[in-house]
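Everything below concerns the one structure shown next.
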Amino acid sequence: MPFSSSARRKPPFNPVKPDSLLTVLVAALREASGFSLPADKILSSLFEKNRGLGPRERRVLAECFYFAMRRWTWLEASATDRPIESQPRSDLSASELRGMAVLASSLVDKAQLISLTAHELHWAQSRSEALKTLSSAQHRFCIPDWIWNDWVAQLGEDEAGRLAAFLDQEAPLDLRLNLAQGQGVAHLRDELSLAGIAAQPIDWLPEGLRCQGRPSVQALGAFKQGHFEVQDAGSQLLARLCAPQRGQTVVDFCAGAGGKTLALGALMRNSGRIYALDTSSSRLARLKPRLARSGLSNVWAIAIQGLNDLRIKRLRAKADIVLVDAPCTGLGTLRRNPDLKWRQTSQGLGDLLSLQASILSAASTLVKPGGRLVYATCSLKREENEEQVETFLKAYPEFSMDSAERILLRQGISPGPQGSWFGEQGELRLWPHRSDTDGFFGVNLVRALMSKK
């Protein structure tokens with residue numbers, strides 16, 4: 001029976017023996033092999049079905065599972081004695097999936113919590129030796145052709161290899177201090193230290209902290225009291241790019257679960273109005289408990305029916321700032337979501353580009369004269385970023401680009417070596433291996449006080 005997140009009753013509690021952990025991992029890889037569901041949902045469902053797993057077992061299984069997501073085509077080739085392919089195969093047998101699981105666990109589970117036989121360990125060692133002989137960074141880090149070729153075209157082969165190696169690592173855990181609560185970064189750092197969590201301020205981000213390792217923070221009193229949120233430093237920087245002021249009207253057009261909404265509200269010191277819009281009521285529902293923790297009262301969450309929703313029209317030309325964190329390929333987040341490189345395809349890019357253009361057009365109508373439209377993605381592709389903006393500016397000449405670098409500098413934020421985090425026209429361009437954040441693009445577009453049309 002396939003894993004299901006819609007099950008109403010919890011399965012019975014059965015302790016999982018160490019020699020069964022490999023079977024659990026194989027089941028997870030089998031479910032993931034179609035790449036129709038996000039990896040985190042598969043893993044959550046796996047743990048729900050196997051509630052007898054202890055914390056150590058869960059941690060090791062998760063590490064092995066995500067290693068497999070990152071190195072899928074290499075594991076697949078090793079288990080099937082075939083050349084490495086650009087895309088995963090869809091016809092893997094049970095024995096081939098088991099071979100992938102054995103190889104992944106042998107490389108990740110150094111304590112051998114997942115019990116492997118002497119024969120399996122010997123086989124895995126012989127296969128892992130072959131990995132060291134791969135000269136191609138694309139094959140070593142399992143990057144599909146359509147992604148790799150794009151990176152090489154933008155960065156050159158050597159730097160594309162460095163990007164691939166960087167995205168093969170686990171992402172850090174970044175925290176955002178809630179400025180609306182009135183506590184400082186030093187105070188939050190002390191609170192974390194008392195809980196045994198080491199964290200360092202992010203020197204270019206006033207409210208940012210980066211934890212050592214990936215500790216669990218949701219059970220901390222400081223988290224429950226809304227003193228901080230978990231948010232990647234790059235995502236935090238996008239809120240800073242909006243540079244909202246007290247008393248303004250701000251629209252987060254694709255709010256999702258509201259991470260940037262909350263950051264904007266805190267920067268506004270709980271004044272003005274923020275409208276968090278999204279077509280998914282389930283995503284917006286995840287904002288509700290976060291909003292309650294934050295102490296913000298200036299946020300209105302609105303589930304819209306589409307781009308022609310009457311509630312959008314009522315906001316026409318009323319917003320000082322409109323943030324469009326557009327749906328995208330998400331390839332800048334591969335450290336956190338390595339399965340995206342298999343779930344996204346070049347064929348699906350065209351539909352995303354059309355959707356982004358439609359959203360950007362609709363959102364622009366909400367910007368009042370003299371206001372600003374901030375377009376952002378967590379993509380690394382020019383088609384979704386620079387080229388999307390170029391097309392928009394040709395169609396809407398009343399908008400012009402303002403330098404993201406200048407906007408951040410005015411707030412005392414100077415990330416990275418000069419110019420390395422920005423494009424030719426001053427747009428924000430975070431390449432993960434340069435910024436040590438998720439990959440982001442952000443541009444600030446100012447609407448003229450009088451139309452140029």
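A few notes on this one:
- Of Glu424, Glu386, all but one fail to be within 25 Å of Val250 (Cβ to Cβ), among the acidic types (Asp, Glu) and either surrounded by fewer than 21 Cβ atoms within 10 Å (Cβ to Cβ) or within 19 Å of the chain's Cα centre (by Cα) (or both); the exception is Glu386.
- Among the residues of the stretch 85-111, those identified as exposed (fewer than 14 other Cβ atoms within 10 Å of the Cβ) and either in a loop (DSSP other than H, G, I, E, B) or polar (S, T, N, Q) (or both) are Ser90, Asp91, Ser93, Ser95, Lys110, Ala111.
- Qualifying residue in the stretch 269-290 (condition: touching a Pro at 6+ places or on another chain (Cβ under 9 Å) and at pLDDT 95 or above): yes
- All positions within the stretch 93-128 that are in contact with a Ser or Thr (Cβ under 6 Å, 6 or more places away or on another chain) and over 18 Å from Leu21 (Cα atoms): Arg127
- Test result for Ile84, farther than 15 Å from Ala130 by Cβ and free of Cβ contacts under 8 Å to residues at least 60 places away in the same chain: no
- Only one entry in Phe141, Phe228 is surrounded by 21 or more Cβ atoms within 10 Å (Cβ to Cβ), under 22 Å from Leu262 (Cα atoms) and among the aromatic types (Phe, Trp, Tyr), namely Phe228.
The values are calculated or read from the model by the stated rules, or taken from the named source; none is laboratory data. Predicted model only: the values in this text are computed from it and were never measured. Here Cβ is always computed from backbone atoms with ideal geometry, including for glycine, and neighbour counts include all displayed protein chains.
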